[in-house]
Every structure is written in C-alpha cells, then in structure tokens.
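No lab work stands behind these numbers, since they all come straight from the coordinates. All figures in this text were calculated on a predicted structure; none of them were measured in a lab. Virtual Cβ from ideal backbone geometry, glycine too; neighbours counted across all protein chains shown.
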Amino acid sequence: MERLSISKFWRIRKLHYTLAYSKCKKCGYAFYPPKHVCPKCGSSDLEQRTPPREGKLISWTKLHEVPFYFEDQKPIYIGLVNLGEVNVMAQIVDVLSEDELREGAEMEMVFRRVKQDGTAGLIYYGMKFRPAHRSGSSKQGQ
Amino acid sequence: MRVFITGYGLSKISRWFGETLEDLAFKSVKDIENKGGELREIDALIVANSFGGILQSQNLLSSLIAEDIGFSGKLTMTVENGGASGASAILTASSLVKSGLAKNVLVIGVEKMSDYIGSVFNHSISTFMNAEHEAFYGSTLASGFAILARSYLSKYKYSEEDLGAWPILMHENALDVPHAQLKFKITEEQVNSSDIVSSPLRVLHSPPVSDGSAAVIVSAEDSSIPKEKRLAEIKFGYLSSHLMELSLRENLEEFYALKCVKDALEKGSSIDIKKVDLIEISDDYTISAPIIIEGLGLSDKGSGLRSILDGRYRLGDKPSINVTGGTKSRGHPFGATGVYQVAEVTSLLSDGKVKGARVNGELGLVVSMGGIGTVLSGILLEKV
Amino acid sequence: MSVFPESKVGIVGWGSYFPIYRLSMEEIEKQWGFPNGTGNGLGMKEKAVAYTDEDATTMGYEAARNAIARSEIDPKKIGAVFFGTESKPYAVKPSATILAEALGITPDTMASDLEFACRAGSEGMRASIGLVSSGMIGYALAVGSDTAQANPGDILEFTASSGASAFVIGPSREAAAVFEASYSYVTDTPDFWRRGLSPYPLHGEAFTGEPAYFDHIINAVKGLLEKTGLRPSDFDYAVFHQPNGKFPLKVGERLGFPKDKVIPGLLTPFVGNTYNGSALSGLSNLLDIAKAGSRILLAPFGSGAGSDAYSIIVTDKAEVKRSLAPTVSYYLKRKMNITYSEYAKFRRLIKKIGGD
C-alpha cells in the first residue's frame, strides 16, 4: 500500500541492526523496545546496551495470514525470544523442523532482509533468529 | 447526573462491498428511529472508527458522516481506540453528558474491513501492535494472540482442540441474532480442520472480516427525551491502557489493563462481577475469552477454558456471556464493535429484540478490548 | 627472499557463512533434461542456496561478524570496508555502508563495493594490505559474498551458489596468518559478463577455460613465484578460484601442486561456486585447520579477467582464534536439501505479479 519510507527506517537503524535495548539506571529494569521513561519506575535516567547474540525461545507461532510485504516468505515463524535481560519479538528463520521450537530452545541472532519495496524501492534489513545448533563446533562469536 | 441509553440501532454485519461508511452509518441511525428512538434532540455526535484513515484514506470521519446524515453544526468528533473505540466513544459521550456539554449524544460505531485483499487486512490489524518493533517483522494481531494462546495452553495443560469449545458456543448463540454475520452451527471437527491462521489459531477461532455499524443515543437524566424512551442506565464506566508489546509483559496470560478496570469497577460501583446477569466480552481470537473470564474473577487463573469446556456461561447461567455470538459470530467491525456490544446488552435489558430467545437480566457488563489486551474497558448497564 | 610491504600485515580474523539450504545435482538434471551424472562430471555433489530473505549483504554480515569475533578488536578500529560482489542488492547504493553500520564500524571509515566478477573480494583484500601496511589505517575488512546467478537451464546453474567469506586485515604481530607477498595479473578478456539490466550472466563456454581461468591463474602464480623465488614445493596448500570441483585440481597439477595440497581448500563440491566467496572460503577453511608455520598459496580469479596470487603463512595465533567463531565445517554440516521448485522460489526465478 505505501512505499517504504527512508527516514522511518534510517532514524532507528541502530535498533534494527543491533536490537540495542534500554536499561534504567535507577531501578535496573531492562526493556526492549526502548522508551523515553522506564516502564517500571518512570525515571528517564536510562542507558543503552547491546543484547547477547543468543537467547532462549519463550513462545512462537507459525503465521500463514501474513501482511503485505511478507507474502514471498509465508508462512513465517514469529517468536518471543529472551535475550538475557530483555525479551524481543522477532521472525524465526532456518527452521528445519518444528521440534526445534520448544519453549527454552536456544536461538541465535541473524541479519536478514525484513521487507523490500518491489524491485526498485528500498530494502529494510533487520535482526531475526534461527535455532542455534551446538553441533560440537565452535561457539558463535560475539 | 445520571446517564441513560435512550435509543439503539443495529445494521447487519457482513462484507458489504456495495456500502460506504456513510451508507452503513445512515442504516444504523435510521434503525434507531425505526425502534422508536428520538433523533431530533441530538446535540453531539461521536463516531467510533479505527480504520477510516488507513483503509478509506478518510480522517475527520465524524464530520463527513455528520454532514451526510443530517447533523451539521453539532459537537462532533471521531474516537479511535482499536477494538475499544466503541466503548471509548460511549465513555466520552457519557462524560459530555455528565459535564453538561451535551444532553443527547449520538454515538455511531462504523467500520469497513473488507475493501482490500487479505494481506492488506493482515497489515491493517497489525497496526494495533508496535509498528517499528513488532509489526515490522511481519507480526499481526493474529500472531500476537497465537503466541498468547500457545503459552496459555501449554502453561495450563490444555490441548489445541480445547479452544474449539468457545467458537462452537458463539456460533450457537448467534443463530437467533438477526444482525449477526455468521449464523450457522459449527462442529468440533470443522473447527479443528479449518485452515491455520497462526498456529495454534485457526480460521474458526478467528473473527471474520466485518463491515458494520451500530448506534446508540446517550442522554442526560434531564434531557428533553421522555423518560419512557430510556432503555438502560450507564451505571459506571472505566477504561485502562497498559503495555502494548508482548516483549514487555511478565505474564502472557493476563491483561493488566483488565485488572485496573476490574478494580475501578468494584470500587466505583460496589458491584460483584460474579452476580452480573449478562456479560459481553471482546473474545478476539478465542483465547481472549478465557483470559478475560479469569481476569474478571469469574474463574481461577488457568481455569477459564476449563469452565467453558464444563458448559458454564451459556444462556441461563449467571453470568451468561456473549449471548449474541461475540466477535466470532456476531462479527468484529473493530471500531464499531464496542457500540454493537453496548447496543446488544441494552436491548437484552429492555426490548429483547436483538435475540430470538428471551433473556432475563437486571445488570449487564460490557468489556471491550483494544489491541492484544492493551486497552480494556468496562461499562456497567442497568435495566430501567 | 626480499621483504615485501605485505609482510607488515596479516589476517587477524577470518570467517565464512553458507546458507542452510542445499540443491542436489540430480534436481537440476531432472528439471532441465541434462543426462544423469552431469553434475558429478563437474566434480559437484550439491550447492548452497540462499533463502528469500538472504542476499550478498546479509551473508557478508555473518561472515564479517565471525571475522571480527576472531580478530578480537573493537569494530570501531576498522578504517575500511571493501565489499566484493557481483550480486549487489542495489546497483547503486553501497552494501559496504550497511555492513559497516550494522557491524558498528561507522562513521570513521572508508567503504565501497567492488566489482570484478569473482575476484572483487580479493582485490579488496589486496587494497586492504596496502592501506594497512602504509599505516593509513589500523585495520580493514575485506568481504567476498555472492548469491550467484545463472540463466536457468544453463550449465552454470549446476555450480552457481551462495556464500560469503570475510577477513580483517591488521598488523602481522596480531595475525593468525601473515602475508609474505602478493601479485595481480589482469587483462581485458571478456570470458563471462553481465550487462547492466540483465538478470543473468553470459559466458564463452570453452573460452572461459584456457584463455581466461588457466591463463590468468597460471600467470599470477608464476608472477608471485618469480617475485619471491618460492617454488610449489615450498607451499603446504594451494587454494584456487573454484568454479567447479575439477578446474582447481587441473590448474594445480599444471602448476606443480599435487591433489592433496589442493583438496583441503576445495569446497565447491559441497556448497557450489560462491563466486566472490569461492577461493576466499577455501582460504577460510584452511585457516580453520592448518598448523602454524604452514604456507598457503591463494589464487583467486575473476572473469573479465584477472587473478591474484598470495603467499600466506599461518601463525600459532590461528589455533587460538579458531574457536572464537563457527568454522567452515560447521556451516557445511548444517544443511537441509530442497527441491528445484523451492530453489526457484527462494531465488525468485518464478515470474509473478508483485514478486520482487
């Protein structure tokens, strides 16, 4: 329906590229997405932090009724992932079988295309998650 | 200053490809007249609508409608609060009346969801989530409720099939409701084999695509509309908003805003919710029903779905819940739904025309919801 | 041997990425009516396929992130990002800036996308050596990444695949492998090309062999050996551009490198030809396994045409850095086979309205 905006993505590209979250210096509450004041104590004394690349799956769904821009990828998996101090909602990719999507399953962050405006418009990139396979090989670098 | 509903109008909910927003609004307002409501004393008009700007490219909808149906020059505004738009409009109307700014407020809920293809509908309903950090990744209202559903079912040890009890009940309840969108029985087999919308939620757990309009007149106790026209009294109303993002919620199986509303209700009206005769709740995507039932204290944490499976809340139970079919079968024209809910309960407490079966009750509670339990509202109506 | 400026710098971090999906040779043979065994005849088993939401930039990101992890430096210290690709998501708008931003390298940095068919990543590596050894910048990031395209039904389809490798170039005292010397050999030889608005490349079939691949690699390696006085027997490994499973063994043989020195760096049979990731991923695999003191010959080739030759010596730091990121072997093992129709869908080969 709408062309993808330049500025809407650009101004929060750091959040899209790193999932940088906020932590309240007053009460210690950590949250994503960032807000202007702490949702717990209302303080505006906040600092930005980078989450770890790995986390655990809280809950998920396989969405068939996808919105505009996601039709090429449907169905898509959407999940709530715990990343240390914060939870994030994200798309889950590279799912080989739904057995991998148990509560508590290890997930790792990956950089992917989120949506694109046809063949001529902008591409939005962002962070998604995939099941982490500890196949005896080296751990994921920070 | 006491506040009364002195008129209500309903139009059938469907995918009205041939009707505009103004057409639908005109229908429901005409229906007020058909049912004996008094339109000549209206001094304010509030339109409840959520998607006029996005899907019809039309803001200032209340002005457009006001001029179209003959209410020029009144105190006019549009209220948008997701699926709680209708309730919010009625609470606003009630405040206008209590403050003396108006005597008779015409509240029209109107919505069209059917003008575009499915992927656009899916995008539209995702606007009730955080646009840049949830909907950005392809989430929609359906996927959000689905995540809640999976979490609830797993935490309280239910099967996916257990969810089916609710839509089956809703479809039964709508069979004798003239304006309902889906008037046919459904079976467990049909529910569990319907297409997956967002696992574990299926088509038959989800609201249909609905266009519709409902309207009510909210009047001051000293308005010039005669006392005989009073259909119900708005005893109390409250609304609360809480976290939008699922990533910030400590418990996926609770709506904190509902707690605020319940507390306000109990304090402000000294009501025992368990003793209310009729409760009308926004049962979006089926999982909202047990969550709201538990949140209202009608059932213990985690037992809401069990109580539905055990046959509670049907016609004749105290409370009876969603006797007109809920968002599942009556339909869910989002911005208008709250007005439908209040109009239906008003009718059940007065002329009973909204449903074939006779329903008895003194008190009715309307619980409307916006987003994924982000906004909850409670409006308490009493028979006059 | 003289001491060359290259010896001041080395590879302080390396990394690769291959998508999880694999397309077998049989699927392609079946689809287009090639005789059974055509793929195997090219020395191929299967090839890696990027998903709909992957592209050269996203793959380059993961390879680069692995490289930065192994480098153990703050990304802000990187002063140049070279993104070598022939499958740029944007014809105009650098992917290098997207990577630089996402990896935390911006704003104090150079950044550009380079094109030279399959050797742009290597050109970026050689340019990085110059920038770092001159002292102009402290570290550089050179990436080679492609979602290689081939005209559907063309023989190229058996090998064109997706993958990426990345290298952080820095001072040799921090390096897992140091550069001894390097040499580039370039001519105007149009063996394979893609015009501006054309979706798939065209190529000269047999012409891509002798006058292009073999001539340029052989001359580049000869140039390096002349410059340094080294002989093939001085090398423990030789990794060449690998358009299929056979050519690297052939050119190795002609240059005097036996099979067992070439095979450890030969990944194409398992993941296909990742174009700019081709030779560089072979190098990445060697850095995952080679003992300290090993000498590696790296000879990427790009159509158009040109080849580079590097002599690289592995240090004991390689053994320590290996475990800081997933290895090539990790990505090779992590796989799921798909059908031709899924491949067609993922790579947008199917015409549809609203398909992008």
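Which of rounded, prolate, oblate describes the stretch B:241-322, given a ≥ b ≥ c as roots of the alpha-carbon gyration tensor eigenvalues and a/c under 1.5 marking rounded, otherwise prolate only if a/b is larger than b/c?
Details: a/c = 2.12, a/b = 1.25, b/c = 1.69.
It comes out oblate by the Cα gyration axes.
How do the peptides B:339-351, B:319-331 rank, highest first, by the average count of neighbouring beta carbon atoms within 10 Å per residue?
B:319-331, B:339-351
Using Cα centres only, tell me the gap between the stretch C:178-226 and the stretch C:275-308 in whole Å.
15 Å
Relative contact order for chain A: what is it in percent, counting Cα pairs under 8 Å that are at least 6 residues apart?
22 percent
For a quick check: with amide H placed at 1.01 Å from N, whose amide H comes under 5 Å from A:Val114's, ignoring anything fewer than 5 positions away on the same chain?
Here A:Tyr124, A:Tyr125, A:Gly126 satisfy the definition.
Just tell me how shielded C:85-98 is by partners: mean number of partner chain Cβ atoms within 10 Å of each residue's Cβ, no decimals.
1
Report the dimensions of the stretch C:54-185 along its three principal axes from the alpha-carbon atoms, largest first, rounded to Å.
Extents along the principal axes, in whole Å: 49, 32, 25.
Based solely on its DSSP helices, what 222 nm [θ] is calculated for the protein assembly as shown when runs of n ≥ 4 H residues each add -39,500 (n - 2.57) and the sum is averaged over all residues, nearest 500 deg cm²/dmol?
Result for the protein assembly as shown, helices only: -8000 deg cm²/dmol.
Could you tell me which of rounded, prolate or oblate describes the stretch C:282-356, using a ≥ b ≥ c as the square roots of the eigenvalues of the alpha-carbon gyration tensor, with rounded for a/c under 1.5 and, failing that, prolate when a/b is larger than b/c and oblate otherwise?
Oblate.
Counting other C-beta atoms within 10 Å, and keeping those with at most 13, which DSSP coil chymotrypsin sites (Phe, Trp or Tyr not before Pro) do you find in the stretch C:233-287?
Here no chymotrypsin sites (Phe, Trp or Tyr not before Pro) fit, given the DSSP loop and packing criteria.
Go through the stretch A:1-70 and name the GluC sites (Glu not before Pro) that are in a DSSP coil and have 14 or fewer other Cβ atoms within 10 Å of their Cβ.
Working: sites: A:Glu2, A:Glu47, A:Glu54, A:Glu65; in loops: A:Glu2, A:Glu65.
Those satisfying the criteria are A:Glu2.
How would C:Thr268, C:Thr208, C:Thr147 line up from fewest to most surrounding beta-carbon atoms within 10 angstrom?
C:Thr208, C:Thr268, C:Thr147
Mind checking the mean number of beta-carbon atoms from other chains within 10 Å of the Cβ atoms in B:142-150?
Per residue, the average neighbour count from other chains is 6.
Helix by helix through chain B, keep the DSSP H runs that span 15 Å or more along the axis on Cα and average at least 0.0 on Kyte-Doolittle, and give those back in order.
Details: long enough: B:21-34 (20 Å, -0.37); B:85-99 (21 Å, 0.85); B:141-155 (21 Å, 0.77); B:256-269 (20 Å, -0.24); B:334-349 (23 Å, 0.96).
Helix filter hits for chain B: B:85-99, B:141-155, B:334-349.
Could the peptides A:76-82, C:221-227 be put in order, highest first, of the mean number of other beta-carbon atoms found within 10 Å of their residues?
The densest-packed peptide leads the list: A:76-82, C:221-227.
Loop-only check: which trypsin sites (Lys or Arg not before Pro) in the stretch B:105-193 are DSSP coil with at most 11 other Cβ within 10 angstrom?
Within the stretch B:105-193, the qualifying trypsin sites (Lys or Arg not before Pro) (loop, at most 11 other Cβ atoms within 10 Å) are B:Lys157, B:Lys185.
Grab the eigenvalues of the alpha-carbon gyration tensor for the stretch B:35-152, scale each by 5, take roots, and send me the semi-axes largest first in whole angstrom.
33, 16, 12
Just for the protein assembly as shown, what percent of DSSP beta bridges are antiparallel, to the closest 5?
If we restrict to bridges inside the protein assembly as shown, about 75 percent are antiparallel.
Taking Rh as the Kirkwood radius, which is the inverse of the mean 1/r over Cα pairs, what is the Rg/Rh value for chain B?
Looking at chain B, the ratio lands at 0.94.
To the nearest whole number, what is the average tally of beta carbon atoms from other chains within 10 Å of the beta carbons of peptide B:126-138?
On the way: counts 3, 1, 0, 1, 2, 1, 7, 11, 5, 2, 14, 16, 16.
The mean count of partner-chain Cβ atoms within 10 Å per residue comes to 6.
Return the subset of B:Lys27/B:Lys353; A:Lys25/C:Lys321; B:Lys318/B:Lys353; C:Lys47/C:Lys317; A:Lys56/C:Lys321; B:Lys112/B:Lys229 for which the Cα-Cα distance in this structure is over 24 Å, preserving the input order.
The pairs that break the limit, which is 24 Å between Cα atoms, are A:Lys25/C:Lys321; C:Lys47/C:Lys317; A:Lys56/C:Lys321; B:Lys112/B:Lys229.
Quick one: which of A:12-22, C:93-103 comes out on top by average Cβ neighbours within 10 Å, and what's the full order, highest first?
Top of the packing list down: C:93-103, A:12-22.
Within a 10 angstrom radius of the beta carbon, how do A:Arg11, A:Arg130, C:Arg70 rank from fewest other beta carbons to most?
With the sparsest Cβ surroundings first, the list reads A:Arg11, A:Arg130, C:Arg70.
Could you list, bin by bin from short to long, the percent of Cα-Cα pairs of the protein assembly as shown in 10 Å steps?
Reading upward from the zero bin: 2, 12, 20, 19, 15, 11, 9, 7, 4, 1, 0, 0.
For the stretch A:41-46, just list the computed ³J(HN,Hα) in residue order, Karplus coefficients 6.51, -1.76 and 1.60, θ = phi - 60°, integers in Hz, with x standing in for Gly and Pro.
So the Karplus estimates, Gly and Pro as x, are 10, x, 6, 9, 8, 10 Hz.
Kirkwood Rh over Cα pairs of the stretch B:6-63 into Stokes-Einstein at 4 °C, 1.567 mPa s: D in µm²/s?
In µm²/s, the coefficient is 102.
Can you sort C:His203, B:His133, C:His241 so the residue with the fewest Cβ neighbours within 10 Å comes first? Let's see the in-between values first.
Numbers: C:His203 20, B:His133 23, C:His241 30.
The most exposed by this proxy come first: C:His203, B:His133, C:His241.
Which of rounded, prolate or oblate describes the stretch C:240-292 when judged by the alpha-carbon gyration tensor and an a/c cut-off of 1.5?
Oblate, since a/c reaches 1.5 and b/c is not below a/b.
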